[in-house]
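This report concerns only the one structure given below.
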Amino acid sequence: MTQPREILEAALKLDPMERAAIASEILESLADSRYGQLSPAWEDEIQRRLREVEAGRTEFIPAERVFAEVGAELQARRAR
């Protein structure tokens with residue numbers, strides 16, 4: 001049988017649309033497992049956050065900025 005690492009390496013060579021389709025199918029296959037189940041508390045939190053976004057009460061921060069700030073904080077902590 002093919003090892004998971006070999007499958008991953010082969011999948012990463014596919015074009016983005018093919019990778020997305022495979023990823024979607026794999027994630028969907030987990031939906032009925034315990035890995036695909038969210039606790040009621042997480043479901044509530046997701047719905048609360050969605051309402052905040054839809055109401056326009058959410059500030060979106062670009063990922064680049066978040067990663068830069070986190071990186072700077074980590075460097076500062078390591079320097080201590």
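Every number in this text was worked out from the coordinates using simple rules, so none of it is lab data. Bear in mind that the values here come from a model prediction, so they are computed numbers and not experimental data. Backbone-built Cβ (ideal geometry, glycine too); neighbour counts: all protein chains shown.
If you compute Cα Rg over 2.2 N^0.38 Å for the structure shown, which of [x] 1.00; [y] 1.23; [z] 1.63 do you land on?
[z]
What nm distance separates the two modelled labels at Thr2 and Asp44, each placed 7 Å from Cα along Cα→Cβ?
4.4
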